[in-house]
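The values are calculated or read from the model by the stated rules, or taken from the named source; none is laboratory data. Values in this document were obtained by computation on a predicted structure and should not be read as measured data. Every residue, glycine among them, receives a Cβ derived from its backbone with ideal geometry; neighbour counts consider all protein chains shown. Please note that ligands, DNA and RNA were not included when accessible areas were found on the heavy atoms of the full protein model with its side chains. Shrake-Rupley method; radii C 1.70, N 1.55, O 1.52, S 1.80 Å.
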Amino acid sequence: LNNSEELVADLLKSSEISVIRGLPGTGKSVLLDKVFMILSGSNQNFYDQIAAVSKNKSIPILIKLKYCSATPLEQLIIAKKTEYKLDFDNYSVIYLFDGLDEVSSEIAEQTVAYIKELAKQKSTKKIILSVRKMSSNNMYLHDCVKEDEFYEIQELDDKKICSFFEVRREKDKI
């Protein structure tokens, strides 16, 4: 895929749960933040935000899973919905869960069990989560995520990194 908008479109037309996987530092969290910005229009003016949410008839909710160590996922979701002050009865929800690798195995198992229940709810349009490629917490995903719903972020080689900065005329950053 060539850009974030294409990825978002691809993610939304696929099945209930998709996973973004990659090695540490490859941009999984940055990508989820970008997906959230596209879906919510949060980088735009108020009217464009309304248009972005209306386009998908969905409200995106981004949750950093590392906070599940202190607070159960269900409570984090309730807190986000309260914070948004929106009528969730008229919209479906796109859940973005970042960092399944950042929680213990026990919490990951509980989190994935809850995500499976969320996926069955009528109000859930899509669930997208990120996890490190080599994390042992990946084992909890294989019975609920289809193999073609794992999106791998490839590590950039030196040539691609140099090309990126050369195109931007920022060779001093190489």
Test S58 against the criterion of being within 16 Å of K126 (Cβ to Cβ) and surrounded by fewer than 18 Cβ atoms within 10 Å (Cβ to Cβ), and give yes or no. no
Among the residues of the stretch 96-135 satisfying the criterion of being surrounded by 20 or more Cβ atoms within 10 Å (Cβ to Cβ) and touching a Gly at 6+ places or on another chain (Cβ under 9 Å), which is farthest from F36 (Cα to Cα)? V131
All positions within the stretch 43-52 that are surrounded by 12 or more Cβ atoms within 10 Å (Cβ to Cβ) and either among the aromatic types (F, W, Y) or under 16 Å from the mean Cα position of the chain (by Cα) (or both): none
Does the stretch 5-42 hold any residues that are assigned to a helix (DSSP H, G or I) and open to solvent by less than 30 Å² (accessible area, probe 1.4 Å), and which are they? L7, V8, L11, K28, L32, V35, L39, S40
Between a first residue in the stretch 66-91 that is farther than 24 Å from N137 by Cα and a second residue that is open to solvent by 60 Å² or more (accessible area, probe 1.4 Å) and not in a helix (DSSP H, G or I), which pairs have beta carbons less than 7 Å apart while being 6 or more apart in sequence or on different chains? Y91/K57
Please determine whether any residue of the stretch 147-167 is closer than 20 Å to L32 by Cβ, open to solvent by 100 Å² or more (accessible area, probe 1.4 Å) and either assigned to a helix (DSSP H, G or I) or among the basic types (K, R) (or both). yes
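Of these, I94, I59, which one is aliphatic (A, V, I, L, M) and in contact (Cβ under 8 Å) with a residue 40 or more places away in the chain?
Working: I59 fails: in contact (Cβ under 8 Å) with a residue 40 or more places away in the chain.
Checking each option against the conditions leaves just I94.
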May I ask you to list pairs of residues, at least six apart or on different chains, whose Cβ atoms are under 6 Å apart, with the first in the stretch 137-166 being over 19 Å from L100 (Cβ atoms) and the second being surrounded by 13 or more Cβ atoms within 10 Å (Cβ to Cβ)? E155/L23; E155/T26
